[in-house]
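K.L.:
Starting off with a structure, shown below.
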Amino acid sequence: MPKPQRRLAALMFTDMVGYSALTQKDEALSMVLLRQHRSLMRPLFDAHGGNEVKTTGDGFLVEFASALGAVQCAISMQQTLVEHNESAPQDRRIQIRIGVNFGEIEEYENDIYGDGVNVAARIEPLAEPNGICISAAVAHQVDRKIDYPLVSMGEPVLKNIQDPIEVFRVVLPWLVDAVHFVPQKFKDDATAAKSIAVLPFVNMSSDEENEYFSDGLTEELINVLTRLEHLKVTSRTSVFVFKGKRVPLQQIGKQLGVGTVLEGSVRKAGNRVRVTGQLIRVADDAHLWSGTFDRDLEDIFAVQDEIAQAIVEALKVHLAGEVVVVRVKRPTDNMDAYTLYLQGRFHFNKLTPEGIRQSIDYYERAIAQDPKYALAFVGLGLAHLRLVELSPNPDYTKAREAADRAVVLDDGLAEAHALKATVIRNQDWDFAEAEKSYKIALALHPVDVMVYNGYGALLLFMRKCDAALAMHTLANEMDPLHLPTLIWLARANTYCSRYDKAIEICEKVIGMAPEFPLAHMGLAIAYLWRGAYQKALDLVEVTRHLSEEHAAISVVAAIAQHRMGNSEQLQQILTRLLDEPTHRMSEPVYIALLYAELGEEDQAMAWFQKAYEDRAAYLLDVKAYPRNQPVYQLPKIAQFLDSIGNLPGSKPS
């Protein structure tokens, strides 16, 4: 009788989603899909060094010599099926779950047994359809060796497995569906008790310069609370509208659409901090919780978690299911680096050129204190991105370097992937790669206004209107008073030919901020494209009074006049732009648009090509224009615009 052989191995269990139900409904179709599934998967086992031990009904048990080979094979399997399903009818799509473990097995009579196999089998059902779950034993061997981050799912109870085992999910971009992406907290019934605004904590320190610390603590608490699955949290920019203002809580609650408000104060003296906080129900000013924390500065992260836990306890009667505070890991153990980072963020949020330059200095000093501080690299990259937007000669080198370094240091940091995605979108114009990074950011942190707006813009450029509107709508729901977020939502509606909605949003912004020029300009473009040319001209004049002259203002006016039968102004503007080649008004994309309006395709094409070579940002907006605009009636230009972001070699040389 042969003696059982024992060894260490990586084990993969798979299972087809919904196969049993399909068998009962349509047995013939279930057999067709099973055979198709096996024919698609088996070549991938061989390619990654896998040994098919056996089939398990509609699944597989596969052995690998290495954990890395097993996970790489699992990713390849899911990617293959996602691509297959893109062209398959709805009822013929194949989805599987995959679980991978590494442990000791025993081989006997051409089969394998042991805890290594059992754990893999118990982990597999935890995966999402099209997803992969792995044990900690596998995670330790593959972390930073695959293209996708890993996120801990804790230590779930596994049937018949006595010892606790930490399970991780592989963050895969195809698990995010932008059109139907709705975080759980937005699916919940819209009860006021599930929503909160963290008002800016008051700086009670004797030194006014410590304001950066009170602002920073406010933002950190917002970040902690956003990770609570059933709690809606208003974003930073909307709550900071009320900084330093005495506004009744009922009014704040109404404007932000929240049922509870957290307010407090911070006193910092040397290495000691005192934090006070109170949670108030908006409807009746009832105090649901209050607390005071006297701690050393190095304990500030624990204070954040304790405040978040107290809020959960105070609201638990209103929250569905078991809610556990996500313990946000310390971003750095160096408190000097942390305070420098907070100062950098404080100056960045001023959104002035000088403030941005000051933030870069603080971020660089934070990194000098802790070269592995991933969030500081994110802040540095965002600051360089903002400088690029203010520069006539954009250079994304420093932003890209910071983004790449942040991802290397912490590939589980959503902000790092969002920054990387924005750099790829803005410089490389590689939409597929940018979308991949945005989806990873969303999978890591499903509630992030920056990601919603950034990804929403990309989806507009890709002409995915429903998905773009979904992203920008989520951003607005989280950040209802942020004027740029409202403008981006209006722009999305305009580009998707929903002019009435765009007009409604722009008029709302003007009601909030009558002298905000972008609102008047957005309104002018919506009226222009709807065919209300005189209204567009009137709004252009308002915009001129509110801001310095810009080519976009003149171009909108010229196009409106041209469509009303007066081409003289268009010719004048075109001549002026051509005669001032060094002036910022002469951005080639605007010249191209005027030639396109005149139907002069070759001239327009030449200037669009120059805009492409210069990576003129507004060219991406033109790509997103509705198809009924004159620029898309010119065949060469339509083909050219369609190719942007979609062809290999889109990256600048």
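K.L.:
Of all the residues that make up the stretch 571-617, how many are modelled with pLDDT of 90 or more, within 18 Å of Q639 (Cα to Cα) and open to solvent by 40 Å² or more (accessible area, probe 1.4 Å)?
P.N.:
Final tally of qualifying residues: 9.
K.L.:
Could you give me the residue pairs with C-beta distances under 6 Å whose first residue belongs to the stretch 623-638 and is within 18 Å of C496 (Cβ to Cβ), whose second residue is surrounded by fewer than 16 Cβ atoms within 10 Å (Cβ to Cβ) and hydrophobic (A, V, I, L, M, F, W, C) wherever it lies, and which are 6+ apart or on separate chains?
P.N.:
Y632/A638
K.L.:
Of the conditions (1) surrounded by fewer than 17 Cβ atoms within 10 Å (Cβ to Cβ); (2) under 23 Å from G18 (Cα atoms), E155 fails just one. Which one is it?
P.N.:
Single failed check for E155: (2).
K.L.:
Another question, then. How many residues are β-branched (V, I, T), over 22 Å from the mean Cα position of the chain (by Cα) and part of a strand (DSSP E or B) if we restrict to the stretch 129-151?
P.N.:
Of the residues in that region, 1 qualify.
K.L.:
Do you know which residues across the stretch 345-402 are of a type in the set (G, A, S) and in a helix (DSSP H, G or I)?
P.N.:
G355, S359, A366, A368, A374, A376, G379, G381, A383, A399, A402
K.L.:
Here are D466, D500: which of them is surrounded by fewer than 20 Cβ atoms within 10 Å (Cβ to Cβ) and modelled with pLDDT of 95 or more?
P.N.:
D500 is the lone residue from the list that is surrounded by fewer than 20 Cβ atoms within 10 Å (Cβ to Cβ) and modelled with pLDDT of 95 or more.
K.L.:
Quick one: count up the residues across the stretch 98-121 that are of a type in the set (S, T, N, Q) and not in a loop (DSSP other than H, G, I, E, B).
P.N.:
Going through the stretch 98-121 one residue at a time, the tally reaches 2.
K.L.:
Okay, next question. Quick test for you: out of A120, A88, pick the one residue that is surrounded by 14 or more Cβ atoms within 10 Å (Cβ to Cβ) and free of Cβ contacts under 8 Å to residues at least 12 places away in the same chain.
P.N.:
It is A88.
K.L.:
Does the stretch 480-487 include one or more residues that are surrounded by 23 or more Cβ atoms within 10 Å (Cβ to Cβ), among the aliphatic types (A, V, I, L, M), over 24 Å from N628 (Cβ atoms) and at pLDDT 95 or above?
P.N.:
Looking for residues that are surrounded by 23 or more Cβ atoms within 10 Å (Cβ to Cβ), among the aliphatic types (A, V, I, L, M), over 24 Å from N628 (Cβ atoms) and at pLDDT 95 or above, one finds at least one in the stretch 480-487, hence yes.
K.L.:
Which ranges mark the helices (runs of 4 or more DSSP H) fully within the stretch 570-638 that have 3 or more residues being over 16 Å from A558 (Cα atoms)?
P.N.:
601-613, 618-623
Yes/no per residue for (1) in contact with a strand residue (DSSP E or B) (Cβ under 9 Å, 6 or more places away or on another chain); (2) open to solvent by 10 Å² or more (accessible area, probe 1.4 Å); (3) assigned to a strand (DSSP E or B); (4) not aromatic (F, W, Y):
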{"position": "E229", "(1), (2), (3), (4)": "no, yes, no, yes"}
{"position": "T237", "(1), (2), (3), (4)": "no, yes, no, yes"}
{"position": "V258", "(1), (2), (3), (4)": "yes, yes, no, yes"}
{"position": "K268", "(1), (2), (3), (4)": "yes, yes, yes, yes"}
{"position": "T276", "(1), (2), (3), (4)": "yes, yes, yes, yes"}
{"position": "D284", "(1), (2), (3), (4)": "no, yes, no, yes"}
{"position": "D294", "(1), (2), (3), (4)": "yes, yes, yes, yes"}
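The values are calculated or read from the model by the stated rules, or taken from the named source; none is laboratory data. Only a predicted model underlies this, so the values are computations on that prediction, with no experimental measurement involved. Don't worry about glycine lacking a Cβ; one is built from the backbone with ideal geometry, like all the others, and counts go over all protein chains shown. Note: accessible area is taken over every heavy atom of the protein model, side chains too, but ligands, DNA and RNA are not part of it. Shrake-Rupley method; radii C 1.70, N 1.55, O 1.52, S 1.80 Å.
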